[in-house]
Amino acid sequence: MFLEELNKKESVVFVNLVQLLANVDEVFAENEKNLIDDYMDELSLTNENIKSLSFQEAVSELKTSTDRIKNIIYFELVGLAISDGSYDSKEIEFLNKLACEFNISKDKQQDFLDYFKKVKDTYEITCVEYESKIESLKKLALSLL
């Protein structure tokens, strides 16, 4: 949703973190590969742009990034982690470790998680005010970052 705010270096690091999160359960599913390809398209990256980074290298690359950029990256990764409906212990551990590195408070982590639960609830309920609910969710996401 906010990935256009990332510069090239931050985009490369984000894709690395997506790959690391996707592999945290040691199973790299086809839909995860497709999602990474979608992110790369959205960020105008090619495989040649992507230098493989470890978790610590990725975090180090983002040391000088703003808190907003770190929040955006974390926010997007939370959305990715719960997109399949489950949020397993290895994903939680990965995200907790990243939140610690980014100095993201437990309250903000919970706010992000609550946001994605609201998104899920909104998409599961069909109602006349669907578009206004989507707009409301966008405003809420902006306020969280």
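A short reminder: the numbers here are calculations on the coordinates, not readings from a lab. What you see is a predicted model; the values in this text were computed from it and never measured. A quick note on method: Cβ atoms are made from the backbone with ideal geometry, for glycine too, and the neighbour counts reach across all protein chains shown.
When the chain is treated as a GNM, springs tying every alpha-carbon pair under 10 Å, which of Leu21, Leu77, Leu62 comes out with the largest mean-square fluctuation?
Leu62
Which is the longest run of the chain containing none of the GluC sites (Glu not before Pro) found in DSSP loop states (not H, G, I, E, B) with at most 15 other C-beta atoms within 10 Å?
Counting at most 15 other Cβ atoms within 10 Å as exposed, the longest clean stretch of the chain is 27-128.
Just how far, in whole angstrom, is the stretch 67-121 from the stretch 1-33 if you go by their alpha carbon centroids?
13 Å
Among Asn34, Asn96, Asn23, determine the one that fluctuates most according to a GNM of the chain built with springs between C-alpha atoms less than 10 Å apart.
Evaluated over the chain, the most mobile residue of the options is Asn34.
Would you work out the relative contact order for the chain, in percent, from Cα pairs under 8 angstrom that are 6 or more residues apart?
Normalised by residue count, the contact order of the chain is 26 percent.
Roughly how big is the chain's charge dipole about its Cα centre, with Cβ charges of +1 (Lys, Arg) and -1 (Asp, Glu), in debye to the nearest 20?
540 debye
At 222 nm, what helix-only mean residue ellipticity would the chain give, in deg cm²/dmol to the nearest 500, using -39500 (n - 2.57) for each DSSP H run of four or more?
Counting only the DSSP helices, I get -22500 deg cm²/dmol.
Kindly put Ser54, Ser136 in sequence by how many other C-beta atoms sit within 10 Å of each C-beta, fewest to most. Before the final figure, lay out the partial values.
Numbers: Ser54 10, Ser136 13.
With the fewest neighbours first, Ser54, Ser136 line up as Ser54, Ser136.
Please return the longest range in the chain lying between exposed loop sites, taking trypsin sites (Lys or Arg not before Pro), DSSP loop only, at most 13 other beta-carbon atoms within 10 Å, and leaving the sites out.
Here the longest run is 64-145.
Tabulate in residue order the Karplus-calculated ³J(HN,Hα) for the stretch 96-108, using 6.51 cos²θ - 1.76 cosθ + 1.60 with θ = phi - 60°, rounded to whole Hz; enter x for Gly and Pro.
These are the phi-based 3J(HN,Hα) values: 5, 5, 5, 4, 4, 4, 8, 6, 8, 5, 4, 4, 5 Hz.
List the lysines whose Cα sits under 29 Å from the Cα of Lys139, skipping any in the same chain fewer than 8 residues away.
Lys8, Lys9, Lys63, Lys70, Lys97, Lys106, Lys108, Lys117, Lys118, Lys120
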